[in-house]
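These notes concern the structure reproduced below.
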Amino acid sequence: MSSMRSKLPHVGTTIFTVMTNRARELGAINLAQGFPDFDAPGKLKDLVAYHVAAGHNQYAPMIGVAKLREQIAAKLGASYGRAPDAEKEITITLGATEAIFSTVLALVHPGDEVILFDPSYDSYEPAVILAGGTPIRIPLMPPSFTIDWQRVKDALSTKTRLVMINTPHNPVATIFRTQDLEILADLLRPTAALVLSDEVYEHMVFDGATHAGILTHAELASRGVAIFSFGKTMHATGWRVGYAVARADITREIRRVHQFNTFSIATPLQHAIADFLEAAPGHNASLAELYQRKRDLFLECLRGSRFSWKPAAGSYFQLLDFSAIAETSDVEFAERVLLEARVASIPISPFYANPPPIRALRFCFAKNDATLEEAAERLCSL
Ligand code: GLN
C-alpha cells in the first residue's frame with residue numbers, strides 16, 4: 001500500500017490508452033482511440049517544414065501567433081456569424097484538452113458545482129476535482145442519449161459555476177440543435193453559471209445539419225467558452241494545437257492559468273496552420289462530406305452483421321448496438337470483439353459515474369476505406 005496521498009485516487013489509465021495498447025498487443029485494427037490512420041494534408045506538412053527551416057523555432061507569444069488568431073477570428077466569423085476579437089478573445093492551447101483544463105482551473109473555485117452530462121469525456125471530471133469543484137453528473141440515457149432539461153433545471157443552483165456541454169458529442173455522436181441552445185440559454189438566464197462548450201468535432205456534422213455551437217447564439221457566446229481543435233480538423237492529433245474562445249474578461253482568467261500550465265504552443269505548427277487556413281479556405285467545409293462518406297461506407301459494409309445502429313449525427317464515431325449478439329456488458333463485449341474479431345472499440349459505460357445498462361460500443365471511422373472495409377468484414381463474423 002503506497003503512502004502517496006493521491007489527488008485523483010479514482011483515476012486510472014484512460015480507456016483510450018488501454019484499448020490502444022490492447023489493439024497493439026493483439027495486432028488488432030484500432031477503431032478505439034479517435035485518430036485518423038491517414039495523414040495531414042501534404043501542403044500543411046510542407047508549411048511546417050518551411051517554418052522550421054525559416055527559423056520559427058523559439059517561443060511563440062503566450063496567447064498564440066497573431067496570424068493564427070486572426071485566421072481563426074475570420075474563420076469563426078464566416079462559419080458562425082460572430083468573429084471574436086483576435087487579440088482579446090482567442091487563446092491558442094495545447095490541444096482542446098489543455099483548453100478545457102485551463103478553463104476549468106481558471107473559472108471553478110473550491111465548492112463550486114459543475115454540471116456534466118454523462119457519458120462525459122474522460123478529462124472533464126478530473127479537471128473539476130483538481131479545481132476543488134463538485135461535479136454534478138446528469139446521465140443521458142440510451143438509446144437516444146438526449147438531455148433531460150428538467151433534470152438540468154433541477155440541478156442548477158446558486159452554486160453552479162459551469163455547465164459543460166459537448167456537441168458533436170464524444171462518445172455518443174449526437175448533436176445539439178438550435179432549439180437545445182435556446183433551452184439552455186433560457187435555463188441559465190436567471191443564474192450566474194458559465195458554459196464550457198467542447199466543439200472539437202464542429203465540422204463533422206452530417207445529413208445536411210449545421211453545427212449549433214454556442215458562437216451561433218449571442219447570449220451563450222457571451223457567457224461561454226467555446227473550445228476547438230486543429231488536431232481534428234487537420235488530421236493531426238499528435239500536434240496538440242487547439243484554442244479557446246471567450247469574452248475578454250473570461251479569456252483574461254483562462255490566460256492566467258494557461259501561461260503557467262503550458263505557456264505557449266509549438267511555434268512552427270502555429271505558423272503553418274495559419275498559412276494553411278489562408279491558402280485552403282475550403283478545407284474545413286470539405287470535412288463533413290469526407291466523414292459522412294466514411295460513416296456510410298462503414299455502415300454499408302456492416303449491413304450483413306448482427307449489429308444495429310442509428311447513423312452518427314456528428315463526430316467521427318459510430319455507435320453499434322450489439323443487443324442482438326450478446327447480453328453481456330459493453331466492457332465485456334468490447335473485449336470479446338477484440339479477441340474474436342480483432343477489432344478494438346471503446347465501451348461507453350466508463351464515461352458514466354453510474355452507468356445504465358448499455359449495449360453499444362463506439363467505433364472510430366476516421367480511417368482509410370480499406371481499414372473500414374476490413375474492420376466491418378471482421379465485425380460481420382460476430
Ligand atoms: N479524443 C480521443 C478519443 O475520443 C482520445 C484522446 C486520448 O487518448 N486522450 O478517442
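The values are calculated or read from the model by the stated rules, or taken from the named source; none is laboratory data. The structure presented is a predicted model; accordingly, all values stated were derived computationally and were not measured. Note that each Cβ is placed from the backbone with ideal geometry, even for glycine, and that neighbours are counted across all protein chains shown. Accessible surface is based on the protein model in full, side chains and every heavy atom, while ligands, DNA and RNA are left aside. Shrake-Rupley method; radii C 1.70, N 1.55, O 1.52, S 1.80 Å.
In the context of the full set of protein chains, segment 195-347 has a per residue accessible area of 36 Å² (1.4 Å probe). Sequentially through segment 213-222, phi angles give Karplus couplings (6.51, -1.76, 1.60; θ = phi - 60°) of x, 5, 5, 7, 10, 3, 5, 5, 4, 7 Hz, Gly and Pro residues having no value and appearing as x. The accessible area of Ser3, taken with all protein chains in place and a 1.4 Å probe, comes to roughly 120 Å².
Taking the Cα centre of segment 70-126 as reference, the dipole from Cβ charges on Lys and Arg (+1) and Asp and Glu (-1) amounts to some 280 debye. Comparing mean-square fluctuations of Asp154, Asp186, Asp37 from a GNM of the chain with C-alpha springs under 10 Å, the top value falls on Asp154.
The count of lysine pairs in the chain that are at least 8 places apart or cross chains, and whose C-alpha atoms lie under 22 Å apart, stands at 18. Semi-axes of the equivalent ellipsoid for the chain, computed as √(5λ) from the eigenvalues of its C-alpha gyration tensor and ordered from largest down, come to 31, 27, 21 Å. Counting only DSSP beta bridges with both residues in the chain, the antiparallel share comes to about 50 percent.
Around the amide H of Val241, modelled in the peptide plane, lie the amide H atoms of Gly95, Phe230, Gly231, all under 5 Å away and 5 or more residues distant in sequence or on another chain. With the whole protein complex present, Lys88 retains an accessible surface near 120 Å², based on a 1.4 Å probe.
Our summary gives the chain a relative contact order of 25 percent, counting only alpha carbon pairs under 8 angstrom and 6 or more residues apart.
Rolling a 1.4 Å probe over the protein heavy atoms leaves Ser381 with an accessible area of roughly 90 Å². To the nearest Å, what is the center-to-center distance of segment 17-68 and segment 360-382, using C-alpha atoms only? Going from one Cα centre to the other spans 23 Å. Taking Val200, Val52, Val152 in turn, the Gaussian network model of the chain (Cα-Cα springs below 10 Å) assigns the largest fluctuation to Val52. Over the chain, dividing the summed -39,500 (n - 2.57) contributions of all DSSP H runs of at least 4 residues by the number of residues returns a 222 nm mean residue ellipticity of -11500 deg cm²/dmol. Charged side chains reduced to their Cβ positions (Lys and Arg at +1, Asp and Glu at -1) give the chain a dipole of some 540 debye around its Cα centre. For segment 345-376, backbone nitrogen atoms closer than 15 Å to the point 7 Å from Ser308 Cα along Cα-to-C-beta are found at 358-361.
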